[in-house]
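The numbers here are math on the coordinates, done by the rules we state, and not lab data. As the structure is a prediction and not an experimental result, all values here were calculated from the model. For neighbour counting, all protein chains shown are included, and Cβ atoms are generated from backbone atoms with ideal geometry for every residue, glycine included.
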Amino acid sequence: MTRTERPVIGFLTDFGLDGAAATCKGVMLSICHDAQIVDVAHTVRKYAIRDGAFVLRAALPYLPVGTHVAVVDPGVGTSRRPIGIRTGRADVLIGPDNGLLIPPAEALGGIEEARELSNRDLWLPVTTSTFHGRDIFAPVAGHLANGDATFDDIGPSVPTQDLVRLTEPEATTADGAIDTIVTYVDSFGNVRLAGGRQELTTAFGALADGAGMTVTLNGAEPETVTFEHSFGAVGIGATIVYVDSSGNLALAINQGNFAGQHKVTSGTAVQLRAI
């Protein structure tokens with residue numbers, strides 16, 4: 001196989017920085033020496049499948065077409081399947097069948113085909129029940145990136161309707177109000193919400209910067225905030241509602257930590273209401 005560009009492998013885990021991610025990268029590079037491995041994130045909240053899916057969905061469309069490995073896998077070693085998904089954009093996603101790969105696959109042109117990783121010739125010779133990132137996912141990705149295995153080689157097809165899917169949180173709107181839920185908290189403490197610009201427009205109409213509203217968290221006392229397009233439109237310490245770079249509704253404190261100040265986590269109920 002003649003290759004004109006170095007293959008790209010995107011890589012996301014909840015492993016942290018203690019060496020597990022580097023071990024997996026070493027396996028990939030041992031198989032595909034010229035791979036370009038892009039570390040999407042390794043500080044995903046432990047076991048937080050939905051957080052990993054959120055980050056992948058936001059990041060992968062901006063990476064070149066490639067093979068992408070994701071490991072947020074609290075079910076490692078159980079009957080959950082290791083899978084590969086080929087997307088409409090021609091990327092291949094490798095990871096556990098626990099819902100992690102579905103949102104990014106949909107952001108990459110949809111699911112074209114799914115296969116179970118059952119070809120042990122593509123695994124490490126010795127595998128364990130607790131480190132499939134190293135023993136299964138990384139070597140399969142390395143072989144795919146290297147071109148010595150095709151997607152058809154990884155194992156049998158899995159009906160796409162049989163793949164595990166996460167329940168997607170939704171926002172509900174009424175005249176002058178949005179009831180929603182926290183879906184992700186980033187490293188700045190900014191809070192992403194279910195819903196986006198459409199829900200904002202449905203509830204409040206065309207909003208100008210500086211429009212006032214209240215935000216209520218888990219039924220507590222409401223706080224007055226403003227809608228803005230950018231953080232710098234308000235003073236340091238001011239709270240804003242905005243639409244983030246991926247189109248999600250979000251809450252933030254300019255140069256502050258909204259989630260930390262309000263003790264907000266994924267799943268917190270949020271109501272936005274017009275003043």
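Assuming a ≥ b ≥ c are the square roots of the Cα gyration tensor eigenvalues, decide whether segment 11-153 counts as rounded (a/c under 1.5), prolate (otherwise, with a/b larger than b/c) or oblate. Judged from the Cα gyration tensor, segment 11-153 comes out rounded (a/c under 1.5).
So how far apart, in nm, are the two label points at ALA211 and GLN36 if each is 7 Å from Cα heading toward Cβ? A separation of 4.1 nm, rounded to one decimal place. Here the gap between HIS229 and ARG120, fully extended at 0.36 nm per residue and compared with their Cα-Cα distance, gives a gain of 34.2 nm.
Among beta bridges from DSSP that stay inside the chain, the antiparallel ones total about 70%. The chymotrypsin sites (Phe, Trp or Tyr not before Pro) found in segment 42-104 that occupy coil by DSSP, while having at most 13 further C-beta atoms within 10 Å, are TYR47. Under the convention that each Lys and Arg Cβ holds +1 and each Asp and Glu Cβ holds -1, the size of the dipole of segment 8-162 around its Cα centre is about 360 debye.
Kirkwood Rh over Cα pairs of the chain into Stokes-Einstein at 20 °C, 1.002 mPa s: D in µm²/s?
Estimated via Stokes-Einstein, D reaches 107 µm²/s.
The stretch between GLN255 and SER129, if pulled fully straight at 0.36 nm per residue, gains 41.0 nm over its current Cα-Cα span.
Using the Cβ-Cβ distance between THR172 and LEU29 with R0 set to 45 Å, the FRET efficiency works out to roughly 0.45. Look at the alpha carbon pairs under 8 Å that are at least 6 residues apart: their mean separation over the length of the chain gives a relative contact order of 15 percent.
Taking a ≥ b ≥ c as the square roots of the Cα gyration tensor eigenvalues, segment 1-63 comes out oblate, since a/c reaches at least 1.5 and a/b does not exceed b/c. Extension gain, THR43 to ILE275: 0.36 nm times the residue separation minus the Cα-Cα distance gives 79.7 nm. Note on segment 172-274: Rg/Rh from C-alpha atoms, Kirkwood Rh, equals 0.91.
About its Cα centre, segment 130-259 has a charge dipole of approximately 200 debye under the convention of +1 per Lys or Arg Cβ and -1 per Asp or Glu Cβ, with nothing else charged.
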